[in-house]
Each structure stands twice: as C-alpha cells, then as structure tokens.
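**Student:** Take a look at this one; I'll ask things after.
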Amino acid sequence: MAAAFVLRGVYRAQPALRSSSAELLWAPRRGHRLTPADDELYQRTRISLLQRESPHAMYIDSYSSRGFTVNGNRVLGPCALLPHSVVQWNVGSHQDITEESFSLFWMLVPRIEIVVVGTGDRTERLQAQVLRAMRQRGIAVEVQDTPNACATFNFLCHEGRVTGAALIPPPGGTALTVQAAE
C-alpha cells in the first residue's frame, strides 16, 4: 500500500514523468459494441431497383449463342443496336460485313460517334475498305469479341455517348446473364 502512495505522489508531482506509452495504451471506447445482428437491425439499407440515368438508352442485359436480351427484349441472331432501336442484322459471320451492311449506321441523325462490332467468340479483322469507309464518314469502329463488345457498348451508353453496336452471337455454350437487384 505504501508503494501505491509513493507512485501516486510521483505521478502527481511530476507531470513530465508521465509516459506517452500510457496514453497510447488508452483508446476511446464505445459504450457498446455492434454485432452483425445489431447492424442489420438498426442500420439496414434496402435498394429495390437501381434506375438508369437515361431510361431511354439501350443496354445489353445478356447474350447467348442464340442471340441477345436488350432492355428486357429478346433478339435472335445477329443484331444492330441503334440509339433508340434494335434491328436484325443480315450477316452470318465477320466475313459478311460490308460497307452496305454498315450503311444504316451513317444514315442516322444524330450521327453515331462509334460503332462497337462483336465478331463472335474471337476478335476478327474486318475488311480494310469497310473500316476506311466508316472513318471517312466520321464514325469510329471498335472491333472486339462479342462478350467484350457487349460490355463496351453498355459502358459507352452509360457515359451518354451516341453509340451503335453490330453484334454476332458467340457460338457454343458462351453465355452471360445480368440480373437486376430486386
């Protein structure tokens, strides 16, 4: 007990002897600790549906070897996505893509800035004269495999760019389904 009085006297008498390590050991404490159950009960966040910034924009929800789901609508086979519509695209493979098959993209107003081309399960080269014709008309062309083309198209539409897509479904069992949160 005498030792306690001596230490208390030293502590009160000389503030310089106080150790900063004692301050480091002390940490502010909450009156209570939250458990995961408490967090769920008191701080619950619920999201019913995330709305898109532009409700009229086109978004590719899913794709398969048979076609695409665009804004909830099923499209079978190759398709061309325009800013406010979807049309069947009459091509069988990347070799069938010609200047004429791209003509619908340069006839539109407002002018499309970029066309994303999905060539199936692999990125394929398009004919040089087709790319040159699009460049002369001021339209950029991005050629990718179909899964990446779908993602690029969605990203560009989300940015608000005037974008078109020319998509050929990937063959085989390749598929992606995006489901909205409820």
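**Student:** For Glu113 and Arg135, compute 0.36 nm times the residue count separating them, minus their Cα-Cα distance, and round to one decimal in nm. Show your work: numbers first, answer last.
**Tutor:** Working: separation 22, 0.36 × 22 = 7.92 nm, distance 1.05 nm.
Full-extension gain reported as 6.9 nm.
**Student:** Ranking request for peptides 157-170, 99-112, 79-92: highest mean number of other beta-carbon atoms within 10 Å first, then the rest in descending order.
**Tutor:** On the way: 157-170: 20.4, 99-112: 14.2, 79-92: 16.0.
So the order, starting with the most tightly packed, is 157-170, 79-92, 99-112.
**Student:** In a Debye calculation with equal point scatterers on the alpha-carbon sites of region 77-167 and no solvent, what is log10 I(q)/I(0) at q = 0.21 Å⁻¹?
**Tutor:** Relative scattering, expressed as log10 I(q)/I(0), comes to -1.02.
**Student:** Which whole-number percent gives the relative contact order of region 65-157, counting Cα pairs below 8 Å spaced six or more residues apart? Working shown, then result.
**Tutor:** Numbers: 118 pairs, mean separation 20.4, N = 93.
Once normalised by length, the contact order is 22 percent.
Laboratory data are not the source of any read-out in this text; all were calculated from the coordinates shown. Keep in mind that what you see is a predicted model, and the values were worked out from it rather than measured. Cβ sites come from the backbone with ideal geometry, for glycine too, and all protein chains shown count toward neighbours.
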